[in-house]
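Inspection log for the structure reproduced underneath, given as structure tokens.
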Amino acid sequence: MGGQTNLDALLRTMSANLIDGLYVFATIADGKIPKGIRPRMLFQEAEGMTLILLKDEAEACGLPYEFPSRMITLEVHSSLDAVGFLARITTALARHEMGVNPVSGFFHDHLFVPDGRESEALAVLKELAS
């Protein structure tokens, strides 16, 4: 279950999948997740718990949010200790002046790119994989 560590193999076999929905980043100080939401990811920081969730869910609960974004899942099982994979991807997106918030899960890496720029991000990823 370790995943791929070879950078060339990761890039060559990677495909990108745009996930439905408009995602946002929010924070809650008390760690109590409001009813009715299912965050895509939680991360506890000293200042509070960060939630990545659907914009509709944040608005329904009255949570302030930032960075409306689209989620792209990189369909390659990258190892958690793969060196340079996300650096290569974020650098390629930066060359197109695109901010990105990468998140690593156990099996895949996920990119949150600005809403409206997802097609451009997908094209950059396709070019990087070729």
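Within the set VAL76, VAL113, the sole residue that is touching a strand residue (DSSP E or B) at 6+ places or on another chain (Cβ under 8 Å), part of a loop (DSSP other than H, G, I, E, B) and β-branched (Val, Ile, Thr) turns out to be VAL76. With respect to ILE19, is the statement that it is in contact with a Ser or Thr (Cβ under 8 Å, 6 or more places away or on another chain) and either surrounded by 14 or more Cβ atoms within 10 Å (Cβ to Cβ) or of a type in the set (A, V, I, L, M) (or both) true? Yes: the conditions hold for ILE19. Residues in the stretch 116-130 that are of a type in the set (Gly, Ala, Ser) and part of a helix (DSSP H, G or I) were compared, and the one that is nearest to HIS96 (Cα to Cα) is ALA121.
Considered as a group, the residues in the stretch 24-38 that are under 16 Å from ASN101 (Cα atoms) and surrounded by 16 or more Cβ atoms within 10 Å (Cβ to Cβ) include one that is farthest from the chain's Cα centre (by Cα), and that residue is ALA26.
Being in a helix (DSSP H, G or I) and surrounded by fewer than 16 Cβ atoms within 10 Å (Cβ to Cβ) is the filter here; which residues of the stretch 91-104 pass it?
Kept after step one, since they are in a helix (DSSP H, G or I), are these residues of the stretch 91-104: 91-94.
Result: THR91, ALA94.
For the stretch 56-87, taking the residues that are over 14 Å from PHE107 (Cα atoms), surrounded by fewer than 17 Cβ atoms within 10 Å (Cβ to Cβ) and under 15 Å from the mean Cα position of the chain (by Cα), the one that is modelled with the lowest pLDDT is identified as ALA87.
The values are calculated or read from the model by the stated rules, or taken from the named source; none is laboratory data. Computed from a predicted model, the values in this text were never measured in an experiment. Cβ atoms come from the backbone with ideal geometry, glycine included; neighbour counts cover every protein chain shown.
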